[in-house]
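Single-structure report; data block below.
The values are calculated or read from the model by the stated rules, or taken from the named source; none is laboratory data. Remember, predicted model here, so these are calculated numbers, not experimental data. Please note: Cβ atoms are built from the backbone with ideal geometry, for glycine as well, and neighbour counts cover all protein chains shown. These accessible areas exclude ligands, DNA and RNA; they are computed on the full protein's heavy atoms, side chains included. Shrake-Rupley method; radii C 1.70, N 1.55, O 1.52, S 1.80 Å.
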Amino acid sequence: PSSVTMYPAGPGSGDSPEGFPEQPRLQSQIGNHTAQTLDAFFTCRKNALLAKSSSSQVEGDFAMAPRGPDQEECEGLLQQWREEGPSQGLPTVNESPLVDKGLAQSSLALLMDNPGEQEAAAEDKWSGRPLSDLQAAENLEEPFSEVQGEEPLPEVEGPMWAPVPMQTAPQYADCAVLPVGALAAEQWEEDPAVVAWSLASEPVPQEEAPIWPFEGVGQLQPPPLEIPYHEILWREWEDFSSQPDVQGLEAGDGPQFQFTLMSYNILAQDLMQQSSELYLHCHPDILTWNYRFANLMQEFQHWDPDILCLQEVQEDHYWEQLEPSLRMMGFTCFYKRRTGCKTDGCAVCYKPTRFRLLCASPVEYFRPGLELLNRDNVGLVLLLQPLVPEGLGQVSVAPLCVANTHVLYNPRRGDVKLAQMAILLAEVDKVARLSDGSHCPIILCGDLNSVPDSPLYNFIRDGELQYHGMPAWKVSGQEDFSHQLYQRKLQAPLWPSSLGITDCCQYVTYCHPQRSERRKYSRDFLLRFRFCNIACRRPVGLVLMEGVTDTKPERPVGWTESVLEEDTAEPESVFPRTVGTIQHCLHLTSVYTHFLPQHGRPEVTTMPLGLGTTVDYIFFSAESFENGNRTDRRLYQDGTLKLLGRLSLLSEEILWAANGLPNPFCSSDHLCLLASFGMEVTAP
């Protein structure tokens, strides 16, 4: 016979039953079972009723249990109960059922160990009952005692029990599941309302379930404990404001202008639908834009950053929902859509109560005619002036340059990633450059599609990279293609001189200032070319029009055929190109260390295909500490911009416990990055 599980059905099934009701109905599907299975089922239920009955009923009706070779064991249990004294008695229906559990379990164990003994037990009143009578009694909802002509058992209210198929390895979708501990398992055993029985066809080996005393009886496993997502994905705030830097100075010394910045890839809805195979682990309801938008706005309101840098912002969602909502929250927003036919882009939002906009520079990486720069990725660079409260008097704060970008994903095209980053760094160098040639504080953030300690990451942090001969896939470190026979390798120079960017990631005009002795031509000088040989030559294919193009200009008397034409065109700028090396002088370091020392695991910002990795960053300008170990987050010399705190990231194991990304709590496939900074306030 197939396995059958019995547990309380209907409302209140999680409470402990105070007793068994009268014989419940059987489902119509059980009509195909044999009479032997029905007899065993009814006998099992009768024994359970006897275990709940008074002492006189137990003594008079105990013989109803199926008898066989282990009958002596049943009689021994009954004798043990008698020796304990009738004064103790069996527990009432309102008491704990643990005392009489042994008697019911023993009877059921005998039933399961000897399912074929009913025919041999002549004194068993139930096994000798015809199947038709039992079915008739069942249809009439008559209790067993009335069918046998006995005194009916007292009715006891309790949850209805029904046979249902045994479920194995249940799946709990869209909920956080943690292993059930010993305490939960112990509580589960003590509650009979959640203990299920199964008539198994094969005995369960004792070694597989050592804590379960019944052979041949399957145990319904307790449902896993559901932990709220905000507890699983709990992220701590790491405060550095009171920690001394490498020079022994407190980070909070002197007045500071403090602000917070968030970088977040919010997952464009169009891109998610185009790559739906990456989100098969998610329930469809949590992937709808209305659900995700509400979650994202709640996250923005909770952390309340002063500057918000977003990637994968879908254009229609930005103008229709995001920008109006963020404006109501007090933000001023700038948006740059990707070039071509792409529907998403980058956005930088700031609070005008904290900053004043000096300039905004959208950056396009697409360059017509250049195969290296034929992608549609973009960036956005803003120069903001912090607004100091009036209570501080006549003080000033240096401007702040904020750059946000989303670099190409393709793991094989590291050459494209480096060229895009060079364009962004050149734009940052132009916007952040001060009159004395130095740079104001810089924050560069976004989705760089590169892992920590990759060549691209080291280039941003260290300011130099020797790329000549490097495989293109190795630049980002996302995937390992070393096994492939053909590998694209980087050649010097990486980009042509026509791009107008030097190998130091600076625009040529800023690398070579304009010459002060540049000629300024007057009108009279330009008129001298009116009748030069080139001007008097009839163009090829010129349409003949009477009175317009049918005459040849006549050179005035005394006008020479050739004019001494001065070289008015400025010679092409020639700048030195290093051999296979690119550099920059922005002195950037990462807010995060990319490792969780308390867990011994690397930090994770996204989980594509269930594999955790870090591709999102917040870099800020700070002088590296010489002879220091870069793995320590505080081993650098704080400049004008100081790191005061950050929101901790999570490990891959923790995200697995929350069903990966996205989930009902986090509505993007990336985690947000949040950091707090302080800027020195100086007197004029």
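Every residue in segment 263-283 that is farther than 12 Å from Ser667 by Cα, assigned to a helix (DSSP H, G or I) and either more than 15 Å from the chain's Cα centre (by Cα) or among the polar types (S, T, N, Q) (or both), please.
Asp270, Leu271, Gln273, Gln274, Ser276, Glu277 - these are the residues of segment 263-283 that are farther than 12 Å from Ser667 by Cα, assigned to a helix (DSSP H, G or I) and either more than 15 Å from the chain's Cα centre (by Cα) or among the polar types (S, T, N, Q) (or both).
Take segment 264-290 and flag every residue that is touching a Leu at 6+ places or on another chain (Cβ under 8 Å) and among the hydrophobic types (A, V, I, L, M, F, W, C). I'd like the intermediate steps shown before the answer.
Our first condition is that a residue be touching a Leu at 6+ places or on another chain (Cβ under 8 Å); within segment 264-290, this holds for 264-266, 272, 278-279.
If the condition is that a residue be touching a Leu at 6+ places or on another chain (Cβ under 8 Å) and among the hydrophobic types (A, V, I, L, M, F, W, C), then Ile266, Met272, Leu278 are the ones that fit.
Which number in (1) open to solvent by 20 Å² or more (accessible area, probe 1.4 Å); (2) more than 23 Å from Asn374 (Cβ to Cβ) marks the one condition that Arg338 misses?
(2)
For the subset of segment 401-429 comprising residues that are part of a loop (DSSP other than H, G, I, E, B) and not basic (Lys, Arg), which member is most open to solvent (accessible area, probe 1.4 Å)? Lay out the reasoning, then the answer.
Going through segment 401-429, the residues part of a loop (DSSP other than H, G, I, E, B) turn out to be 407-413.
Checking the rest, the ones that are also not basic (Lys, Arg) come to 407-411.
Details: Val407: 2, Leu408: 20, Tyr409: 134, Asn410: 49, Pro411: 11 Å².
It comes out as Tyr409.
Among the residues of segment 401-410, is there at least one that is in contact with a Lys or Arg (Cβ under 7 Å, 6 or more places away or on another chain) and of a type outside the set (A, V, I, L, M)?
In the first step, residues of segment 401-410 are kept if they are in contact with a Lys or Arg (Cβ under 7 Å, 6 or more places away or on another chain); the result is 407-408.
Checking which are of a type outside the set (A, V, I, L, M) leaves us with none.
Within segment 401-410 (the criterion being in contact with a Lys or Arg (Cβ under 7 Å, 6 or more places away or on another chain) and of a type outside the set (A, V, I, L, M)), the answer is no, since none of the residues qualifies.
Return a yes/no flag: does segment 292-299 have any residue that is within 24 Å of Arg354 (Cα to Cα), open to solvent by 30 Å² or more (accessible area, probe 1.4 Å) and in a helix (DSSP H, G or I). Steps first, please.
From segment 292-299, those within 24 Å of Arg354 (Cα to Cα) are 296-299; that's our starting set.
Now narrow it down to the ones that are open to solvent by 30 Å² or more (accessible area, probe 1.4 Å): 298-299.
Right, trim to in a helix (DSSP H, G or I) and you get 298-299.
Checked segment 292-299: at least one residue is within 24 Å of Arg354 (Cα to Cα), open to solvent by 30 Å² or more (accessible area, probe 1.4 Å) and in a helix (DSSP H, G or I).
Quick check: is even one residue across segment 358-367 within 34 Å of the chain's Cα centre (by Cα), farther than 23 Å from Gln258 by Cβ, open to solvent by 50 Å² or more (accessible area, probe 1.4 Å) and acidic (Asp, Glu)?
Here is the first cut: in segment 358-367, the ones within 34 Å of the chain's Cα centre (by Cα) are 359-367.
Restricting the remaining residues to those that are farther than 23 Å from Gln258 by Cβ gives 359-367.
From what's left, open to solvent by 50 Å² or more (accessible area, probe 1.4 Å): 362, 364, 366-367.
Narrowing the set further to residues that are acidic (Asp, Glu) leaves 364.
There is at least one residue in segment 358-367 that is within 34 Å of the chain's Cα centre (by Cα), farther than 23 Å from Gln258 by Cβ, open to solvent by 50 Å² or more (accessible area, probe 1.4 Å) and acidic (Asp, Glu).
Given (1) modelled with pLDDT under 95; (2) touching an Asp or Glu at 6+ places or on another chain (Cβ under 9 Å), where does Thr614 come up short, assuming only one miss?
Going through (1) modelled with pLDDT under 95; (2) touching an Asp or Glu at 6+ places or on another chain (Cβ under 9 Å) one by one, Thr614 breaks only (1).
For the subset of segment 638-684 comprising residues that are among the hydroxyl-bearing types (Ser, Thr, Tyr) and under 18 Å from Ser263 (Cα atoms), which member is farthest from the chain's Cα centre (by Cα)? I'd like the intermediate steps shown before the answer.
Here is the first cut: in segment 638-684, the ones among the hydroxyl-bearing types (Ser, Thr, Tyr) are 640, 648, 651, 667-668, 676, 682.
In the following step, the residues that additionally are under 18 Å from Ser263 (Cα atoms) were identified as 648, 667-668, 676.
On the way: Ser648: 14, Ser667: 8, Ser668: 6, Ser676: 22 Å.
That would be Ser676.
Is there any pair linking a residue in segment 409-431 that is closer than 17 Å to Val451 by Cβ to one that is among the aromatic types (Phe, Trp, Tyr) and open to solvent by 10 Å² or more (accessible area, probe 1.4 Å), with Cβ under 7 Å and at least six apart or on different chains, and which?
Listed pairs, sorted by first residue: Pro411/Trp473; Arg412/Trp473; Arg412/Phe481; Gly414/Trp473.
Quick check, is Asn449 part of a loop (DSSP other than H, G, I, E, B), within 29 Å of the chain's Cα centre (by Cα) and of a type outside the set (A, V, I, L, M, F, W, C)? Spell out how you get there, then give the answer.
Working: part of a loop (DSSP other than H, G, I, E, B): yes; within 29 Å of the chain's Cα centre (by Cα): yes; of a type outside the set (A, V, I, L, M, F, W, C): yes.
It is true that Asn449 is part of a loop (DSSP other than H, G, I, E, B), within 29 Å of the chain's Cα centre (by Cα) and of a type outside the set (A, V, I, L, M, F, W, C).
Can you tell me which residue in segment 579-610 is most open to solvent (accessible area, probe 1.4 Å), limited to those that are over 21 Å from the mean Cα position of the chain (by Cα) and aliphatic (A, V, I, L, M)?
Val579
Is it true that some residue in segment 644-653 is open to solvent by 20 Å² or more (accessible area, probe 1.4 Å) and at pLDDT below 90? Spell out how you get there, then give the answer.
First, pick out the residues of segment 644-653 that are open to solvent by 20 Å² or more (accessible area, probe 1.4 Å): 652-653.
Pick out the ones that are also at pLDDT below 90 and you get none.
For segment 644-653, residues open to solvent by 20 Å² or more (accessible area, probe 1.4 Å) and at pLDDT below 90: absent.
Hey, can you tell me all the residues within segment 227-262 that are in a helix (DSSP H, G or I), open to solvent by 50 Å² or more (accessible area, probe 1.4 Å) and modelled with pLDDT of 70 or more? Full working, then the answer.
Pass one, segment 227-262, residues in a helix (DSSP H, G or I): 229-232.
If we keep only those that are open to solvent by 50 Å² or more (accessible area, probe 1.4 Å) too, we end up with 230-231.
Once the filter is applied, which keeps residues that are in a helix (DSSP H, G or I), open to solvent by 50 Å² or more (accessible area, probe 1.4 Å) and modelled with pLDDT of 70 or more, segment 227-262 yields only Glu231.
Given (1) touching a Pro at 6+ places or on another chain (Cβ under 8 Å); (2) hydroxyl-bearing (Ser, Thr, Tyr); (3) surrounded by fewer than 22 Cβ atoms within 10 Å (Cβ to Cβ), identify the lone condition not met by Tyr467.
It fails just one condition, (3).
On the given criteria, is Trp289 touching a helix residue (DSSP H, G or I) at 6+ places or on another chain (Cβ under 7 Å), touching a residue at least 24 places away in the same chain (Cβ under 8 Å) and among the aromatic types (Phe, Trp, Tyr)? Working first, answer last.
Numbers: touching a helix residue (DSSP H, G or I) at 6+ places or on another chain (Cβ under 7 Å): yes; touching a residue at least 24 places away in the same chain (Cβ under 8 Å): yes; among the aromatic types (Phe, Trp, Tyr): yes.
Here the answer is yes, as Trp289 does meet what is asked.
Against the condition within 25 Å of the chain's Cα centre (by Cα), of a type in the set (A, V, I, L, M, F, W, C), outside any helix (DSSP H, G or I) and buried (at least 24 other Cβ atoms within 10 Å of the Cβ), how does Leu380 come out, does it pass?
Values: within 25 Å of the chain's Cα centre (by Cα): yes; of a type in the set (A, V, I, L, M, F, W, C): yes; outside any helix (DSSP H, G or I): yes; buried (at least 24 other Cβ atoms within 10 Å of the Cβ): yes.
Yes: the conditions hold for Leu380.
Does Gly393 satisfy the criteria of being open to solvent by 20 Å² or more (accessible area, probe 1.4 Å) and within 30 Å of Pro684 (Cα to Cα)? Walk me through it before giving the result.
Numbers: open to solvent by 20 Å² or more (accessible area, probe 1.4 Å): yes; within 30 Å of Pro684 (Cα to Cα): yes.
So Gly393 fits the description; yes.
Conditions first: (1) touching a residue at least 12 places away in the same chain (Cβ under 8 Å); (2) surrounded by fewer than 20 Cβ atoms within 10 Å (Cβ to Cβ); (3) not in a helix (DSSP H, G or I). Val348 passes all but one, so which condition is the exception?
For Val348, the failing item is (2).
Checking Leu465 against (1) without any contact (Cβ under 8 Å) to a residue 24 or more places away in the chain; (2) over 30 Å from Val313 (Cα atoms); (3) not in a loop (DSSP other than H, G, I, E, B), which single condition isn't satisfied?
Unmet condition: (1).
What are the residues in segment 316-335 that are open to solvent by 10 Å² or more (accessible area, probe 1.4 Å), over 22 Å from the mean Cα position of the chain (by Cα) and within 19 Å of His670 (Cβ to Cβ), if any?
Tyr335
With the requirement that a residue be among the basic types (Lys, Arg) and either in a helix (DSSP H, G or I) or over 35 Å from the mean Cα position of the chain (by Cα) (or both), what does segment 472-501 give you? It would help to see each step written out before you state the result.
Narrowing segment 472-501 to residues among the basic types (Lys, Arg): 474, 488-489.
Matches in segment 472-501: Lys474 only.
Here are the criteria: (1) touching a Ser or Thr at 6+ places or on another chain (Cβ under 7 Å); (2) within 30 Å of Val681 (Cα to Cα); (3) surrounded by fewer than 21 Cβ atoms within 10 Å (Cβ to Cβ). Tell me which single one Pro441 does not satisfy.
For Pro441, the exception is condition (3).
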